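First comes the structure, then the notes that go with it.
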Amino acid sequence: MLNKLLFHRFPTLKSWITRIQYEFISALNPKHDLLFMNFGYTDHHEGGARILLDPQDEIHRYPLQLYHHLAKHIVWNNADALEVSSGRGGGASYIMRKFKPRSYIGVDFSMRAIEFCRTHHQIDGLRFDHGNAEDLKFADSSFDIVLNVEASLYYPNLDKFLAHVKRVLKPGGYFLYADLRYEEKVNEWHKQLKDAGLKLVKEEDITKNVLEALEKDRARRTHLVDTYVPSFLREQFYHFAGLKANTPGGKLHLEHRRYWVFIMQKE
Ligand SMILES: C[S@@+](CC[C@H](N)C(=O)[O-])C[C@H]1O[C@@H](n2cnc3c(N)ncnc32)[C@H](O)[C@@H]1O
């Protein structure tokens with residue numbers, strides 16, 4: 001409830017709290033078992049193919065599959081890519097290794113996350129910069145692909161971010177986007193995207209795939225909270241990890257939110 005009030009009424013305050021929250025998460029977890037911070041994706045229960053992963057990626061299968069689901073729609077050869085809100089860099093590393101773009105820059109406003117990524121993900125062509133989604137410091141038409149996963153819900157001004165996406169994309173470039181919104185805000189969100197001046201190539205409601213992924217990933221998520229979060233903060237963090245507040249064994253939830261994927265293109 002408090003969360004919802006902050007999202008709707010005080011977006012700038014929400015953004016500040018988010019920043020502190022993500023700095024705190026990086027401070028809690030100096031180990032390398034938290035490389036992704038999204039709710040995950042699966043379509044196995046719908047007959048989707050199980051992608052083959054490197055052994056070290058298997059533990060991150062569900063959040064990684066969300067990146068795979070976005071990335072598989074386009075050709076990455078020779079592409080210069082930008083990920084806004086790259087978090088702890090698991091998606092950036094996976095895409096560099098699997099889809100092999102020419103270059104990939106991950107940007108996040110958590111300095112600790114950027115420092116972690118610089119030490120942990122050292123791959124030729126991959127770089128991490130500190131920055132704000134609403135004030136991207138890149139030249140016009142400099143990227144073939146912009147990626148954004150489960151982060152724009154925290155931005156106080158989505159239109160500003162979308163204007164930057166359009167500006168930094170080359171003509172013909174793609175915007176790969178996944179996020180969630182409270183049910184009553186979904187129509188307004190779709191309108192904002194429609195008004196962003198990018199061509200909509202594909203849109204998909206993946207809420208049930210995300211809920212299924214949360215269920216399959218429940219034990220790992222519960223273990224992460226129980227291992228790293230001090231007990232007096234756990235209730236809040238179960239909620240944050242998509243596990244029902246108060247009880248880690250409780251029903252999974254997205255708190256009346258819908259999760260969507262969009263593929264858009266600059267004409
Ligand atoms: C839920 S995490 C997702 C991280 C990553 N995309 C993933 O899927 O693992 C949200 C991320 O958005 C970042 N973030 C939130 N607001 C931001 C802003 N205004 N500019 C840049 N990054 C921001 C946070 O620091 C955090 O790393």
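Listed by position, the strands (runs of 3 or more DSSP E) inside the range 129-234 whose residues that are of a type in the set (Ser, Thr, Tyr) and surrounded by 18 or more Cβ atoms within 10 Å (Cβ to Cβ) number at least 2 are 169-182. Filtered by the rule that a residue be within 11 Å of the ligand (Cβ to nearest atom) and within 23 Å of Leu136 (Cα to Cα), the range 51-87 gives Tyr67, Leu70, Glu83, Val84, Ser85, Ser86, Gly87.
Within the range 37-52, residues that are under 26 Å from Ala151 (Cα atoms) sit with their Cβ atoms under 8 Å from residues that are among the hydroxyl-bearing types (Ser, Thr, Tyr), at 6+ positions apart or across chains, in these pairs: Met37/Tyr22; Phe39/Tyr259; Gly40/Tyr62; Tyr41/Tyr62; Thr42/Tyr62; Gly48/Thr42.
This table checks each residue for (1) of a type in the set (A, V, I, L, M, F, W, C); (2) out of contact with any helix residue (DSSP H, G or I) (no Cβ under 8 Å at 6 or more places or on another chain); (3) touching a residue at least 24 places away in the same chain (Cβ under 8 Å).
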| residue | (1), (2), (3) |
| --- | --- |
| Ile59 | yes, no, yes |
| Gln65 | no, no, yes |
| Ile74 | yes, yes, yes |
| Asn77 | no, yes, yes |
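Scanning the range 88-110 for residues being outside any helix (DSSP H, G or I) and within 11 Å of the ligand (Cβ to nearest atom) gives a total of 7. At least 3 residues being modelled with pLDDT under 95 and either in contact with a Pro (Cβ under 8 Å, 6 or more places away or on another chain) or within 23 Å of Tyr259 (Cα to Cα) (or both) is the threshold, and among the helices (runs of 4 or more DSSP H) wholly inside the range 1-80 those reaching it are 2-9, 11-28.
Flag: Asp195 matches the condition of being more than 27 Å from Ser26 (Cα to Cα) and at pLDDT 95 or above.
The values are calculated or read from the model by the stated rules, or taken from the named source; none is laboratory data. All values derive from a computational prediction rather than experimental measurement. Cβ atoms come from the backbone with ideal geometry, glycine included; neighbour counts cover every protein chain shown.
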